[in-house]
Amino acid sequence: MKARSIKLKEAHKSNGSESTCSIIWDLESQHLVTSSTSDTKISIHDALLPAKPPKLISQHKEGVTALALNPNSTCLASGSLDRSVSLYNFPGGEFQTNVTRFTLPIRCLSFNKSGSLLAAAGDDEGIKLINTIDSSIDRVLKEHKGPITGLAFDPLGDYLASVDSVGTVIFWDLSTRTPINILKRVAPDYGTDTSVPNVLCWSPSGDFLAVPGLKNDVVMYDRDTSEKVGSLRGDHSKSVCFMSWSPNGKYMATSSLDRQILVWDIGKKQDINRQKFEDIICSMAWKPTGNALAVIDVMGKYGVWDSVVPSHMNSPLEGAPKPRSNGLVLFDEDTQEPSGSGSLSNVGESSFGEPEPLHKKRLRKQNEFDKLDGDDDGAVGFPTKAEPRKKASHIHKKPKDDVYEEVGSGMKLGRPKMQDAFQPGCTPLQSGKKRFLCYNMLGVITTMETDGYSHIEVDFHDTGKGLRVPSMTDHFGFTMASLNENGSVFANPCKGEKNMSTLMYRPFSSWANNSEWSMRFEGEEVKVVALGTGWVAAVTSLNYLRIFTEGGLQKHVVSLDGPVVTASGFKDELAVVTHSSCLPSNDQMLEFRVFNFAKEAQAIKGRLPLTPGSCLTWLGYSEEGHLSSYDSKGVLRVFTSQFGGSWLPLFSASKDKPEDNYWVVGLNDSKLFCILCKNPLTYPLVTPKPFLTLPNLSFPLASSDLGANDLENEFMLSNLSLSQIQRKIDEMATSRQNIMSLEDKAFDIETSLDRCILKLIAACCNGDKFERAAELVKLLSLDKSVQGAIRIATVLKLPVLADRFNCILEERMQNETTDTTPYTKPSSDGFKAPDIMPVADNRRMEFENVLPSPKLPSPQFFKQENTETSRSTVGKERMETNGSPSVEKMKITDVKVQGETNPPKKLMTIPEKPRLFGSANKITCKGNKGEEISQSESHRPTNPFAKSPNTQVKTSSLLDSIKKMKDGGKS
């Protein structure tokens, strides 16, 4: 039968000579990708708009020899004569990375069924298995004696098949990375000529491997025995150079050096269609979603052959396996077809469900197919529908990491799976690779297994302050660790005949020899470890919390309410997260408890919030000691004392970089410390050394109608920081501790908060949100800041709003003058503290009372005589006797006001925080009754949400400045 001729068009310039070209479809049949050894560019063609110019990828320096798409068509791989293998995003074509280089040109590429492994081979006779997640070389397979021209992964994920230019076919076992069968001289021998490559391809079911034969035919080999089970031989007058299976495996297209394509019915062993071309077709690809075949010839011309299978025959899509919904696996698990006797038992298994021995499989195959002729000329009959064979090892098991995703998406009925316990900062075990046992803000602990034991190293981030800890040989196989300034603790799962788990503590320094100690747990497995000041904690599989001293004394054993998820320590506190229950919505229900070992009390207990459908991935403390958590949806939460104890969301990865994964290390007052991991990798690798990413903490705010989300976020963070410091000040004042350093910090934050509020007021004025502007004015801390708000309203020609701001200021000043009640510190032991006001309030009153009452500017559009007579002008500075300002000034000049024609003026001058420390680091404050209190400077931990002060320390104190001003007035 003669088919309608196919019109080909140029995809790559051939320069008048033949070249090796490639063509592939994407998963949805929306794009065609072509390449040629005569062209350095890769072309991505729009299959829906053939007239549209293709997208070109220019990365290689020499011609492209091979192409491959991963199963979900998101990553394109290319090999070249320049000996490099490159990866690109698809269909965008953006270059990702060069994953490897060879010593000779590359000839073939192939992805495995999950896309996590890329096989590459070429003229140097070795096959590199490349891990696409981290671009590492998993293994190099060496057995071929000639250039390797064809690679194909088994669709079931068990084998890799390869063929070279001298006709040798090798079946590789992927579990052991070793050859299981070597078939020599079964394919045409081209010597070192790679212009006509030998190829091979698996059937969609994975039952057969198709290889070009020695008699211009195609030979089928069995996947389990590597035995020849049949051949397709017809009207090809020269060797077959390329093959392509239909999506359902019932048809095959073969291209030959005789310049024709034959389409075969596998069941009937006969060709059903053919097409003659002017040049040799060197590559073909069956359309995944239709009855069409894409072809490209040795001159770089390509086209699509529609209606490859005649319309009176079954469609090539009928019964084709469908891709999984997640796009990671191309083929569904084998479905069982009734056998001729009506039995539903698996082919390849005995009637009792056990796998058949190899010799029984061979006997069964002879019964399924027509009797095999002894010579090569005999034709072998194929079954109408090849029955799939399934071994126990072929069953597609869901990876452990994906179990929760399946449960969380509601795909699985029954009781949802509870999250497994994990150690914060610990990465999964990787055979033959170095991994992290612990990674925190202080340092890292790494391990690598070699020859039955592991080598553990401890390194500190700050090499100048951290101790030099010698490496350790690990004979126990530790899988988790924790690290602090005093030492490190290690633990391993149950192992050995006695099923014992080991806990070991290793101090960094001690006055005594042999201070290292270990504990054994028989029939009890350590799940999580943690460290603090003077204590070591281990949570076990029996839901026991075991507390040890640094010397190894067993001090406490506490029963927890449920199975542990994780734990983390900081100074005297230990936070433990356990399972509570599971909701019908499949969400994890977790509880957290915070123990204080110094007080031997349980400080906090409650439910741990998680994003719906997520699980907990990190738990720890900030540098300042605030408990924090991070879930798999990318939300960071910090526990605060607000509203009686609440978790506040301070970071969301979905709004920052949703396409990447954040692996959290820790956090401080304003930033999250994490490692950015490219999808699908969810954890960092030790080599190359990972780089820390420091995104800013930010509330997940709604889109503001003012467009001032950054200012509103700064406002909320400053308020949070101020409340944290004020709570700390109250606690320390009650116990009569030095609070001067915290008061300095509180004043800095108040000043910064006022600056932020003024910017928000300007935004409200420009956006006609006057009610919101009035609310913001009431939140200003300093009276001078309120005067700045009045000036903003005046400049923007808003007299009503300016009058409203004036009324708020008058009301504030009246409240301050009437509220003169002395502040008395509470005392529980009968000692009455001096009657002084809080330092921040006292300092603020000193600022306001240094100068005579300022005269406020009235709005320019109406008279305000009462206001003018009651206040002085704004901007008058308090000066020392020598004429220099005694207090630093904060310039409010960065508030942009719309509508001004002239350059912006200085709207106001706000006094910056006074310097409280002299050269002797002391200050003497006078209370309302004249008592003197001498307080020395103290160093306190900074709050995680406070901003670092930028001002420099003055050499004169506030009291000295006031005295100088008074003396100057008298003179």
*Picking from K61, K52, which residue would you name as being in a loop (DSSP other than H, G, I, E, B), open to solvent by 30 Å² or more (accessible area, probe 1.4 Å), under 24 Å from A120 (Cα atoms) and free of Cβ contacts under 8 Å to residues at least 24 places away in the same chain?*
K61
*Kindly establish whether S632 is among the small types (G, A, S) and under 17 Å from V594 (Cα atoms).*
no
*If you go through the range 546-580 one residue at a time, how many are among the polar types (S, T, N, Q) and open to solvent by 40 Å² or more (accessible area, probe 1.4 Å)?*
3
*asked:* Can you find a residue that is closer than 19 Å to P105 by Cβ, open to solvent by less than 10 Å² (accessible area, probe 1.4 Å) and in contact (Cβ under 8 Å) with a residue 40 or more places away in the chain anywhere in the range 23-32?
replied: no
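May I ask you to list the residues in the range 722-753 that are out of contact with any helix residue (DSSP H, G or I) (no Cβ under 8 Å at 6 or more places or on another chain) and not polar (S, T, N, Q)?
R727, D730, E731, A733, R736, D744, D748
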*Does the range 32-54 hold any residues that are touching a Ser or Thr at 6+ places or on another chain (Cβ under 8 Å) and either of a type in the set (S, T, N, Q) or closer than 21 Å to K287 by Cα (or both), and which are they?*
V33, T34, S35, S36, T37, S38, T40, I42, S43, H45, A47, P54
*With V686, V664 as the choices, which residue is out of contact with any helix residue (DSSP H, G or I) (no Cβ under 9 Å at 6 or more places or on another chain) and over 22 Å from S116 (Cβ atoms)?*
V664
*Starting from the range 661-684, take each residue that is within 13 Å of S632 (Cα to Cα) and list its partners that are hydroxyl-bearing (S, T, Y) and not in a loop (DSSP other than H, G, I, E, B), counting only C-beta distances under 6 angstrom and pairs at least six apart or across chains.*
V664/Y630
*Take the range 507-527 and flag every residue that is within 20 Å of I547 (Cβ to Cβ), modelled with pLDDT under 90 and exposed (fewer than 13 other Cβ atoms within 10 Å of the Cβ).*
E522
*Among (1) buried (at least 20 other Cβ atoms within 10 Å of the Cβ); (2) touching a strand residue (DSSP E or B) at 6+ places or on another chain (Cβ under 8 Å); (3) of a type in the set (F, W, Y) - the single one F691 does not satisfy*: (1)
*Mind telling me which of the residues A762, A746 ends up being more than 23 Å from D669 (Cα to Cα) and out of contact with any Gly (no Cβ under 9 Å at 6 or more places or on another chain)?*
A762
*asked:* Going by what's in this entry, would S19 be described as in a loop (DSSP other than H, G, I, E, B), closer than 16 Å to S283 by Cα, at pLDDT 90 or above and not charged (D, E, K, R)?
replied: yes
*Go through (1) loosely packed, with under 15 Cβ neighbours inside 10 Å; (2) touching a helix residue (DSSP H, G or I) at 6+ places or on another chain (Cβ under 8 Å); (3) under 30 Å from T74 (Cα atoms); (4) not polar (S, T, N, Q) one by one and return the number of the condition G707 breaks.*
(3)
_Output for the range 48-58, where each listed residue is over 23 Å from S17 (Cα atoms) and under 31 Å from the mean Cα position of the chain (by Cα)_ = K55
*Filtered residues of the range 114-140 (kept if touching a Gly at 6+ places or on another chain (Cβ under 9 Å), surrounded by fewer than 20 Cβ atoms within 10 Å (Cβ to Cβ) and either within 23 Å of N198 (Cα to Cα) or among the β-branched types (V, I, T) (or both))*: E125, V140
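Just checking, which of M411, M504, M448, M441 is modelled with pLDDT of 85 or more, of a type in the set (A, V, I, L, M) and assigned to a loop (DSSP other than H, G, I, E, B)?
When all the criteria are applied, what remains is M441.
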*From the set of residues in the range 584-637 that are free of Cβ contacts under 8 Å to residues at least 12 places away in the same chain and part of a strand (DSSP E or B), which is least open to solvent (accessible area, probe 1.4 Å)?*
A601
*Determine, yes or no, whether F643 is over 12 Å from the mean Cα position of the chain (by Cα), farther than 19 Å from Q423 by Cα and open to solvent by less than 20 Å² (accessible area, probe 1.4 Å).*
no
*List every residue pair whose Cβ atoms lie under 7 Å apart, where the two residues are 6 or more positions apart in sequence or sit on different chains, the first residue falls within the range 77-93 and is in contact (Cβ under 8 Å) with a residue 24 or more places away in the chain, and the second residue, located anywhere, is open to solvent by 10 Å² or more (accessible area, probe 1.4 Å) and among the basic types (K, R).*
R83/R101; S84/R101; G93/K55
*Has the range 716-729 got any residue that is under 20 Å from G625 (Cα atoms) and of a type in the set (D, E, K, R)?*
yes
*Confirm whether K145 is of a type in the set (K, R), assigned to a loop (DSSP other than H, G, I, E, B) and either more than 29 Å from the chain's Cα centre (by Cα) or under 22 Å from P71 (Cβ atoms) (or both).*
yes
*Name the pairs: first residue in the range 467-490 and within 21 Å of P424 (Cβ to Cβ) and assigned to a loop (DSSP other than H, G, I, E, B), second residue open to solvent by 70 Å² or more (accessible area, probe 1.4 Å) and among the acidic types (D, E), Cβ to Cβ under 7 Å, at least 6 apart or on different chains?*
none
*In the range 654-688, which residue that is surrounded by 15 or more Cβ atoms within 10 Å (Cβ to Cβ) and polar (S, T, N, Q) is nearest to K433 (Cα to Cα)?*
T682
*Inspect the range 305-321 for any residue being under 42 Å from the mean Cα position of the chain (by Cα), over 29 Å from I42 (Cβ atoms) and open to solvent by 50 Å² or more (accessible area, probe 1.4 Å) and give the result as yes or no.*
yes
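The values are calculated or read from the model by the stated rules, or taken from the named source; none is laboratory data. Because the structure is predicted, anything quoted here is derived from the model rather than measured. For neighbour counting, all protein chains shown are included, and Cβ atoms are generated from backbone atoms with ideal geometry for every residue, glycine included. Only protein heavy atoms, including side chains, enter the accessible area calculation; ligands, DNA and RNA are left aside. Shrake-Rupley method; radii C 1.70, N 1.55, O 1.52, S 1.80 Å.
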